[in-house]
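**Q** Here you go, one structure.
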Amino acid sequence: MLLTVHTSPALVTSGFNVEAKKPLEYASFRWHSDGVTRPAVTQSAVRPNGAAGPPAGSVPEVRGAAQGAAGWGLPLAVLIAGMFMSILDTTIVNVAIPTIQNEFGVSTDDVQWVVTGYTLALGVVVPVTAWLGDRFGLKRVYNLALLAFAAGSALCGLAWDLNSLVAFRIFQAIPGGILPVITLSILYRIVPRDRLGAAMGLYGLGIVCAPAIGPTLGGYLVEYVSWRLIFYINVPIGILGAVAAAVVLPRFPRIAGRRFDVAGFVTVAGGLFALLLAMSEGESWGWGSYRVLMLITYSALSLALFVVIELQVADPLLDIRIFRYWPFTNSLLLISVLSVVLLGVLFYIPQFLQVAQGWGAFESGLTLLPQALAMAVLMPIAGRVYDRIGPRWPAAIGLTITAADLYLLHTTTLDTPREHVMWILVGLGAGLGMAMMPIMTGGIAVIPMSQVNAASAFNNVTQRVSGALGLAVLTAILTTQRAQQMAGRAALLPADTPTPHLGPPGTPDWLGTYATYQQTQLQVFVAAIDDLFLIAAAMAALGALGALMLRSGPAPATQAGSASPPPATPSATSGIGPVHDGAAINATSNAHLARHAAGLVDVKGRS
């Protein structure tokens, strides 16, 4: 008796394609009646390491398990460059807001829509990114997003008034929201699981370092060149990045015919839009105002309806069932803490340096630069440590260091030297660099490959929503603390307290009173910021306790590229088209045949 079984990554990951007219094998085995399984000779190419390669003329499905460091290093560098550009743009624009306001002659509330419009558009486009990657292919979507981002940046630089700039920023945000999600999805497909930590350490350079470098670079360009250059600088980077991606990125399978969940998109996009708008405008509109309360109520109802819809439809826009994986859910909670801490520091430290101590935008950016360098050094190291011992201890130690440095920031005063603040920020950057990527990697590593796109989207949404929500809450606390502390100090000041006389004889006495008031205002402002750092320190300490629930030990031996998808949903057999580039839909009969063959032959999916 002779039974021949063919194996390939497509067979292992997507089931046997019973309708295939030509062999898909990488290697084949013959089951003989004597019970011995022997390799059969095939026409497959042989790789230099002796492993069987794909047959001549076939296009194998790209899997990280089949690639060494030389196979994923260059594509990862291209991905990081594109993502770094898109994330850098979220903070580099902030320092140009006053200059844009002066040039266009608009109010502060109006010019803030340059940032608010971008943020709202991001919240709408991120949830649909997973569907775009599945439907049109990750490589194609990534290349088009890079080119569209470059085009949007060029249009922003050409803006002739505020309305045109806001419109172009919204257009720019569409590819800007797609790039980080697609980058993470591609990374998990090209990198072996036992090297994910090192790869994610490099990926984290874009997520954490780009926002820190933005104020420095933006401050220099605005102060010494032109604010339009902060947009023009993206054009050559985007074009070169798209060309490089077209050359070095492999092709990925796509699901032709996957239905678009319209109801799910409307509810999640509407809910996130309302929530981000309420968080952005809550300070100016008033947190108890009718508009803000209505937006928050609508957001809660819309997102609740989104959950109900996604649990009912056969082909959800974002499969929320991935939250049943506790390591992933726990990682999102910890990422929320880190996002609040990072954005809070990036927002309030420049405020402290510029408003309280009188430094310029460029000097404030230079103060934050060593923090970014510390994160840049520690992240790749933390990634390698993760590969060896898992995420628990790097994350717990990093969050503990973060909490300690935030507590030190709580002690700053008006007279604190800038160099002292800089060194505290270096320690803070070291803590964030140690914790961020092990947490993110440990969470997504447990997700099946078929759900990585959705996990990447949820990861990105969590970072943006938690950052916006945390910054809004901290700002509300700051406003309340300033009012309370100012009223308290005024109540302690006797009415007959003499005020200092400033200037030469004949100078009005009210100048001394005004100077005293201004000094008190600055002291109260710094004291309120110190309270925010104390709150952030408490959050980081709680996060360190949560990190102890992460996995300890290296990742399982199964590599990311060989993670099997879950059984096919009903939509897989009714209406969804074939998977292109050699991947087949894992229908019920195919899965049964795969399990039967696995019982006869030890099929590991090794290439």
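**Q** Give the calculated FRET efficiency between Ala300 and Thr479 to the nearest 0.05, with a Förster radius of 22 Å applied to their Cβ-Cβ distance.
**A** Plugging the Cβ-Cβ distance into 1/(1 + (r/R0)^6) gives 0.40.
**Q** Would you mind classifying the stretch 393-479 by shape? Square roots of the alpha carbon gyration tensor eigenvalues, ordered a ≥ b ≥ c; an a/c under 1.5 is rounded, otherwise it is prolate if a/b is larger than b/c and oblate if not.
**A** Oblate, since a/c reaches 1.5 and b/c is not below a/b.
**Q** Same structure, new question: Given the convex hull over the Cα atoms of the stretch 118-242, what projected area results after averaging over all orientations, in nm²?
**A** Taking a quarter of the hull surface, the average projection is 8.4 nm².
**Q** Same structure, new question: Given a 1.4 angstrom probe, I'd like the percentage of the accessible area of the stretch 356-458 that is carbon and sulfur, rounded to a whole number.
**A** Roughly 70 percent, rounded to a whole number.
**Q** At 0.36 nm per residue, minus the direct Cα-Cα distance, what do Gln519 and Ala77 gain on full extension? Give it in nm, one decimal, please.
**A** 154.2 nm is the gain from fully extending Gln519 to Ala77.
**Q** Shifting gears a bit: Measuring from label point to label point, each 7 Å out along Cα→Cβ, what is the Ala256 to Val377 span in nm?
**A** Between Ala256 and Val377, the label points sit 5.2 nm apart.
**Q** Using a ≥ b ≥ c from the Cα gyration tensor of the stretch 202-358 (square roots of the eigenvalues), is it rounded, prolate or oblate, where a/c under 1.5 gives rounded and otherwise the larger of a/b and b/c decides, a/b for prolate?
**A** Here the stretch 202-358 falls in the oblate category.
**Q** With the cut-off at 1.5 for a/c, could you classify the stretch 109-157 from its C-alpha gyration tensor as rounded, prolate or oblate?
**A** Because a/c hits 1.5 or more and a/b fails to exceed b/c, the stretch 109-157 counts as oblate.
**Q** Still on this model: Ser552 to Arg384: extension gain in nm, 0.36 nm per residue of separation minus the Cα-Cα distance?
**A** Here the answer is 59.1 nm.
**Q** Using a 7 Å offset from Cα along Cα-Cβ at Gln354, what residues in the stretch 209-242 end up with backbone N under 19 Å from the label point?
**A** 210-231
The values are calculated or read from the model by the stated rules, or taken from the named source; none is laboratory data. The structure presented is a predicted model; accordingly, all values stated were derived computationally and were not measured. No Cβ is skipped: glycine too gets one built from the backbone with ideal geometry, and neighbour counts run over all protein chains shown. All accessible areas refer to the heavy atoms of the entire protein, side chains included, with ligands and DNA or RNA removed. Shrake-Rupley method; radii C 1.70, N 1.55, O 1.52, S 1.80 Å.
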